[in-house]
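The structure appears right after this line, and notes come after that.
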Amino acid sequence: GTQVTVEIHHEDTSPQLIKRLSLGKGFQKTEASRSPGAKDLHAYPWDKSSLKSMPVDLQQFEKLDAYALKVNVTNSVEELVKALLKQARTDLEKVRAIWMWICHHIEYDVVGYHNKSQLSSKPRDVLQMGKSICEGYAELFEHMCSLAGIQCKKLSGHAKGHGYKTGQTFTGDSDHAWNAVYLEGRWHLLDSTWGSGSVDDSVTEFTYRYNEFYFLTHPALFINNHFPDNSNWQLLKPTLTLKEFENNMLHNSNFYTLGLLAVHPETPIIQTVNGKASVSVDCRSGTLFKFKLQGTDEHGLMTLKKDGMNLDIYPQTTGRHKLEIFAKPSKAEASDDVYKCVVEYVVECESVDTAMRFPKDLHQPVGPSWFSERQGFLRPSHREPVLHTNDGRCCLIFTLGKDISVLTSLHCDGSSLAEDMGRRHVLQIQRKNQVELKVHLPHAGSFVLKIYSKKKSDPGNYDYTFNYLIRCLNKEVKWLAFPQSYSKWLQDYEILEPLSGVLPANRNVHFKLKMHGITKVLVQAENTYHPLTENKGYWEGTCNTSGCREVFVMVHENANHSFYSQVLKYEVEAQ
């Protein structure tokens, strides 16, 4: 006996008023949904503001989310919606509860994906089975929203999802489905399939991994991997063409959730020029990066910037190469402490620059950065990652943070530098809060200078901090190692001469050393002892090297003790 009024509108006209018809049982059925108009549109490209198309405070959803996850009703969609709506007041909360439930209770049907003929995407069947493909997720979402009295539309189109290959074109029928919901006077986009988790490339395994990014995603970001059949549903101004969609860089959700803003170049396929290609990433701050070119980071030079990173790569074979870039926040929670792939390129290489082979020991990123600064290495004298030296010598200076102890070593490919010798080609001098590193290369080539540090107060080991690449093309270069130093040689002692760890035979050699807190210094050559005299903190004197193979510098620390400690050891050239 209830009277019902029904308005019928032609599809192209938008009804001014949407009447709600009561269907009993407390549900409201919405009438014809309005197509997107000017007020639904967002500017493209993205204005780098919010990741979502409306303000959402996730903390306010915590209770509702927890409640929705616990709802365990699978006998009917109506009963499920009724249970979910108990804790939801606003339309946004209703949509959120439905979204959370679907993302955590419906799994992607990897078997059904390969055998679609057996598959039903009817909401009732999807609920009963607890699994579906995108079509079923979108239909269930639409049906649950309509039961909750919220306008929702299933959209279909092309997506850059599993199996997508960089730079591929899209032809034929659409391959993905998602939804638009009408909230607070505007249309918004979401994808519950991608919100629930991910499948591997061969679509044989689904992993539940909730992804907040696909809930009310900003349309200028959603277009990155969703291209609707009807371009009005991009909700963008201007809209993109399919060609633009195909050519655009794919940034996955990690890219945006990690606070990254842009990459250069903006095209997914890049060509090398004279064997080199360059990529850079802009981000908000404090992000760490890694890269892999065909699975290795050996053929590149990556530097960190305060607001991103720069990368030059030099493929060592011609052809097409996959370049992946990974990122993680520097102050990560334990759960986030993994590098996630944020962007992929295909690098086409026509010619190889063989001169740009890097030593195996080179560690990415190269050079100083905000990260080494955070470890206590301030105001570096050389900010560039690569040092070029013609005479085989270079000198670096840093201001050190409080309580920092430094260790260094020099490495190159091949067996020319054993580990202990690698340490002896770098001389370290500390003056107050500055450290100076003098490097003498044993021969021409490419070297890695590794810098380790620890807190002086920590008893533990030194941690690797950062490294430089040092290059020398001069084949004449042949510096000998610095003298060997022992534990009693303190970090702020300084050798002025002789700097070479190998002394000429049968010569008078002049010594000049800067040391403090000791009472006597002797130079021992075989069985003869030559005292050095002190003048304003410098100890000086000479010693003759004839008839000996080794020369030691020894110090007497305390006038009350009779013993000397060895601090330096020199070798003498063979007679």
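The values are calculated or read from the model by the stated rules, or taken from the named source; none is laboratory data. This structure is a prediction, so every number in the text was calculated from the model and none was measured. When we count neighbours, we look across all protein chains shown, and the Cβ atoms used for this are built from the backbone with ideal geometry, even at glycine. Areas reflect the complete protein model, heavy atoms only, side chains present, ligands, DNA and RNA absent. Shrake-Rupley method; radii C 1.70, N 1.55, O 1.52, S 1.80 Å.
Where the alpha-carbon atoms of region 208-334 are placed on the principal axes, they occupy 45, 38, 29 Å, in descending order. For region 436-575, the Kirkwood radius over C-alpha pairs fed into Stokes-Einstein at 25 °C and 0.890 mPa s yields D = 144 µm² per second. Which of the aspartates and glutamates could a cross-linker span from LYS520 if the Cα-Cα distance has to be under 15 Å and same-chain partners fewer than 8 positions apart are dropped? The qualifying aspartates and glutamates are GLU534, GLU540, GLU557. Per atom type, region 434-575 shows carbon and sulfur on 47% of its accessible surface, probed at 1.4 Å. How would region 219-274 be classified by its alpha-carbon gyration tensor: rounded, prolate or oblate, with rounded meaning a/c under 1.5 and the a/b versus b/c comparison settling the rest? Since a/c reaches 1.5 but b/c is at least a/b, the shape of region 219-274 is classed as oblate. The string of couplings for region 489-502 from the Karplus curve (6.51, -1.76, 1.60, θ = phi - 60°) is 7, 7, 4, 9, 6, 9, 9, 9, 7, x, 7, 6, x, 10 Hz, one whole number per residue in order, with x for Gly and Pro. Dividing the C-alpha radius of gyration of region 357-482 by 2.2 N^0.38 Å, with N its residue count, gives 1.01. From most to least packed by mean Cβ count within 10 Å, the peptides 80-91, 176-187 give 176-187, 80-91. Shape of region 58-246 from the C-alpha gyration tensor: oblate (a/c of 1.5 or more and a/b not above b/c, with a ≥ b ≥ c the square roots of its eigenvalues). Residue ranges 228-235, 528-535 sort as 228-235, 528-535 when ordered by packing (mean number of other C-beta atoms within 10 Å per residue, highest first). Element breakdown for region 257-349 at a 1.4 angstrom probe: carbon and sulfur atoms account for 48% of the accessible area.
Extent along the principal axes, Cα only, for the chain: 122, 56, 41 Å, with the longest axis given first. Rounded to a whole number of µm²/s, how large is the Stokes-Einstein D of region 137-258 at 4 °C and 1.567 mPa s, given Rh as the Kirkwood radius over C-alpha pairs? After rounding, the answer is 86 µm²/s.
Among 99-109, 423-433, 151-161, the peptide with the highest mean count of other Cβ atoms within 10 Å heads the list, and the full ranking is 99-109, 151-161, 423-433.
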